[in-house]
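Notes follow once the structure below has been shown.
The values are calculated or read from the model by the stated rules, or taken from the named source; none is laboratory data. Here the structure is a predicted model, which is why all the values come from computation and not from measurement. Cβ placement follows ideal geometry from the backbone for every residue including glycine, while neighbour counts extend to all protein chains displayed.
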Amino acid sequence: MSSPSIAPADFEQRVEQLRPRLISFAQLHLNCTTDADDVVQETLISAWNGLEQFQAKSSLETWIFSILRHKIIDLYRNHSKIQLFEYDENQLPDTAPLFQEDQHWQKEHAPSTWPTPYKELENEHFWHVFDLCVFHLPPQTSQVFSMRELLGFDTKQICQALQISEENCWTILHRARLKLRACLEQNWFIAEENKL
């Protein structure tokens, strides 16, 4: 049996730092704190038991999040922990002024130039800011975005699980991306430029 690529003491220390993010992610999708705590605990037990198989092809944190993601997907597929919400399309702002008729950005609303994506994706701090931006979205927006982009559900599955129309789903995703872009520009890209 080969030795693990990370020492058990290092694993414990890194898991303690990661635990709040794991719990926040689980709470986004599950009905209560107890359920989130349970699935995170199961995730950490699975990670500990599989530590010898961890080959460091990704970061330990990414590997553990992947385990959590699969456990939450299993819960959704079993229809045992689905959190429902009511959707009110009257609460959404009008984004029509942001775009031209050809669906390109209006010049004054276009995203600022972002640094090379590959460099940013490697930066662990970026993901902390990204998590904060996702978790500060309105609950229904955060849940739909996370199901689509982080858990990998298609829109039909999201609509069925959350009892919303496909049109509502696409509208929520659109709003989520706009808000995330603004949040990341303000709290990451502009902040990073100011450090230089």
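Pick out the one residue from T95, T43 that is at pLDDT below 85 and not charged (D, E, K, R).
Working: T43 fails: at pLDDT below 85.
Matching residue, one of T95, T43: T95.
Return only the number of the condition from (1) of a type outside the set (V, I, T); (2) at pLDDT 75 or above; (3) more than 24 Å from S66 (Cα to Cα) that F135 does not satisfy.
(3)
Report yes if A26 is surrounded by 16 or more Cβ atoms within 10 Å (Cβ to Cβ), out of contact with any Gly (no Cβ under 9 Å at 6 or more places or on another chain), modelled with pLDDT of 80 or more and within 22 Å of H136 (Cβ to Cβ), otherwise no. Before you say what the answer is, go through the steps one by one.
Working: surrounded by 16 or more Cβ atoms within 10 Å (Cβ to Cβ): yes; out of contact with any Gly (no Cβ under 9 Å at 6 or more places or on another chain): yes; modelled with pLDDT of 80 or more: yes; within 22 Å of H136 (Cβ to Cβ): yes.
The answer is yes for A26.
Might you let me know whether the stretch 165-178 holds any residue that is modelled with pLDDT of 85 or more, of a type outside the set (G, A, S), within 11 Å of the chain's Cα centre (by Cα) and under 25 Å from F65 (Cα atoms)? Lay out the reasoning, then the answer.
Here is the first cut: in the stretch 165-178, the residues modelled with pLDDT of 85 or more are 165-178.
Now restrict to residues that are of a type outside the set (G, A, S): 166-175, 177-178.
This time we only want the ones that are within 11 Å of the chain's Cα centre (by Cα), so: none.
Checked against the condition, which is being modelled with pLDDT of 85 or more, of a type outside the set (G, A, S), within 11 Å of the chain's Cα centre (by Cα) and under 25 Å from F65 (Cα atoms), the stretch 165-178 yields no hits at all.
Would it be correct to say that D154 is outside the structural domain of R21 (by TED's automatic domain parsing) and modelled with pLDDT of 70 or more? Outline the logic, then answer.
Working: outside the structural domain of R21 (by TED's automatic domain parsing): yes; modelled with pLDDT of 70 or more: yes.
When the stated conditions are applied, D154 passes them.
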